[in-house]
Structure formats: structure tokens, C-alpha cells
Amino acid sequence: MGKSRLEGKVALITGGARGMGASEAALFADEGASVVVSDLRVDAGEETARRVSPDGSVCRFVRHDVTSEDDWVATVAFVLDTFGRIDILVNNAGIFEGGTVLDTTLEAYRRTIDINQVGVFLGMKSVAPLMVAQKSGSIVNISSVAGMAGTPGFLAYGASKWAVRGMTKGVARELAPYGVRVNSIHPGIIDTPMLAAFDDAGVRELVRQRIPVGYEAEPVHVARLALYLASDDSSYSTGSEFIVDGGWSA
Ligand code: NDP
């Protein structure tokens with residue numbers, strides 16, 4: 001039986017085909033929201049939407065490249081056509097490519113910035129006019145603990161996630177007078193397909209040993225925080241960073 005913390009609200013979750021975004025889609029729908037999941041991965045995205053809502057009544061998928069302004073226009077139009085409004089945007093799509101200042105190419109740096117940073121900018125820019133007009137809305141930007149401290153080997157990724165944290169604060173102050181809230185989430189080590197990047201180097205066990213609670217998070221640990229920030233339960237929070245990392249950065 002579903003609960004109702006997001007009753008009547010409509011959410012757009014980018015990069016939601018799998019990983020944390022897919023978990024957020026399921027949790028949000030269970031709490032009464034109508035959800036559009038967007039991603040570049042069409043098969044996985046459609047499967048996720050079907051799993052959440054077999055008849056498509058509360059969850060739909062749309063193909064969407066977050067680096068494309070045209071795609072944002074089309075995606076927002078799809079959400080409005082399908083569910084009539086947008087109350088929540090989770091800017092979740094992202095990539096991880098490791099590299100230090102010594103070995104990161106300009107091309108790789110720009111790729112990460114384009115998806116992880118420009119994608120978040122375009123997302124906020126695309127929904128802000130609607131949210132300002134309706135005088136309500138919650139934008140949840142997914143940063144990282146790599147956006148809280150310097151992380152060796154995370155040059156481009158860290159830069160993109162610090163930018164997300166910074167943009168969140170600036171935009172939160174810009175939109176606060178209109179009833180629109182913007183917060184960032186900073187996950188630690190979460191067990192999603194992205195984490196496979198660490199398997200090759202065999203560092204995963206080493207990483208696990210550094211997590212005070214002793215285990216990686218499941219995507220739902222992050223989804224529950226996203227739910228809180230998306231819902232009116234967090235109505236007095238804006239421009240803040242919320243860490244969910246099992247004590248990693250304590
Ligand atoms: P996943 O790789 O599991 O999911 C992210 C999804 O976004 C993938 O389906 C990915 O597709 C998609 N995506 C990539 N580029 C684009 C694009 N240009 N447009 C639309 N979709 C795109 O990652 P997670 O669930 O682990 O990560 C979600 C967010 O959380 C990311 O922003 C990540 O940086 C952040 N994060 C993750 C942590 C972790 O430990 N997993 C820790 C801290 C933060 P594809 O697979 O084809 O790239």
C-alpha cells in the first residue's frame with residue numbers, strides 16, 4: 001500500500017534508468033508522485049518505468065541527453081503533456097571517469113563537466129520558469145562527497161561536483177523568494193552500476209574498509225533523502241548540502 005508524502009506532485013528524475021535514479025522513481029511513485037524518468041539508456045529506462053508502473057499511469061520514460069538544450073525542451077514538454085505540471089526535478093544523471101591532474105585529458109575533463117555540471121545548469125534553467133510561475137517547487141541536485149573535499153584521482157569529477165554544490169546555493173538564493181527550493185545531496189559510496197568503475201582496480205574492498213559503518217549504501221539510502229528534500233517535510237531547507245555517506249566524511 002502506497003504512502004502519500006508526494007501526493008499530487010509530479011517529478012522528473014534524470015539518469016533514472018538505473019542506479020539511484022531508478023530507486024528514487026520507485027520510492028517517489030510509492031509516495032504518491034507521478035514520475036518521468038529520463039536517460040540515454042532507452043531499454044533500461046523503459047524497463048524501469050514499466051517496473052514502477054506497468055500500465056504507465058504513474059511512471060513514464062523519455063530518452064533525454066542532459067547536455068542538450070533541445071532535449072531539455074522536449075523532455076519538459078513531455079512531462080507537461082503527460083502529467084500536467086512539474087513540482088520536483090532531481091538532477092541525478094552523471095558519469096564518473098577517474099584521473100589526476102597529470103593524466104586527465106582536456107577532452108575527458110570537458111566530457112565530465114558537460115554531463116555533470118552543464119547538465120545540472122540546463123536542468124535548473126529549464127524548470128525554473130515553471131516553478132517560479134507556480135510559486136513552488138523542489139530541485140534536488142546530486143553532487144557527491146567529492147564535492148565536499150578534494151579527492152585525489154577525481155579531478156574532473158570533483159570539479160563538476162563542487163560546481164553543482166556551488167550552483168545549488170546561488171540558485172537557492174535566487175529562487176527562494178518564489179517558493180522554490182534547491183538543495184544538493186552528497187552521497188558517499190553507493191552500490192550502483194557506477195561503482196563497477198572501482199572493481200577493475202580491486203580497490204573496492206579497500207574503499208569499504210574506509211566507510212565507518214562498514215558497508216556501501218544501497219541506492220534506496222540516497223532515495224530516502226531525496227524523498228525528504230522533494231517533499232514538503234523539508235520546507236525550511238534550501239541552499240544546503242545533505243551528506244549520506246555512512247560516516248565517510250565525518
Ligand atoms: P549510474 O551510472 O548507475 O546511473 C546514472 C545514469 O545516468 C546512467 O544510466 C547513465 O547512463 C545516465 N547518463 C549518463 N550520461 C547521461 C546524459 N548525458 N544524459 C542522460 N543520462 C545520462 O550512476 P549512479 O546511480 O551511481 O549515480 C547517480 C548520481 O549519483 C550521479 O550524478 C553520480 O555522480 C552520483 N554519485 C554516485 C555515487 C556512487 O557511489 N555510485 C557517489 C556519489 C555521487 P550511462 O550508464 O550510459 O552513462
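The values are calculated or read from the model by the stated rules, or taken from the named source; none is laboratory data. Source: prediction; values computed, not measured. Cβ: placed from backbone, ideal geometry, glycine included. Neighbour counts: every protein chain shown. Calculation scope for accessible area: heavy atoms of the full protein, side chains included, ligands and nucleic acids excluded. Shrake-Rupley method; radii C 1.70, N 1.55, O 1.52, S 1.80 Å.
Centre-to-centre, using Cα atoms only, the range 72-124 and the range 181-208 are separated by 18 Å.
Between residue 199 and residue 249, full extension at 0.36 nm per residue minus the direct alpha carbon distance yields a gain of 15.8 nm. Work out the FRET efficiency for residue 70 and residue 235 from their Cβ-Cβ distance, taking R0 = 25 Å, and round it to the nearest 0.05. Efficiency computed from Cβ-Cβ geometry: 0.15.
Based on protein heavy atoms only, the range 10-244 ends up with 45 Å² per residue of surface accessible to a 1.4 Å probe. Put 72, 162 in order of accessible area, highest first, and with a 1.4 Å probe you get 162, 72.
Counting protein heavy atoms only, the range 59-167 has 58 percent of its accessible area on carbon and sulfur, 1.4 angstrom probe.
Annotation for residue 105 and residue 224: the two label points, set 7 Å from Cα along the Cα-Cβ direction, are 4.3 nm apart.
Once the chain from residue 50 to residue 149 is taken as fully extended at 0.36 nm per residue, the excess over their C-alpha distance is 31.8 nm. Just so you know, the Cα atoms of the chain work out to an Rg and Dmax of 17.1, 53 Å. Using a simple spin-label model with pseudo-atoms 7 Å out from Cα toward Cβ, residue 125 and residue 215 lie 4.3 nm apart.
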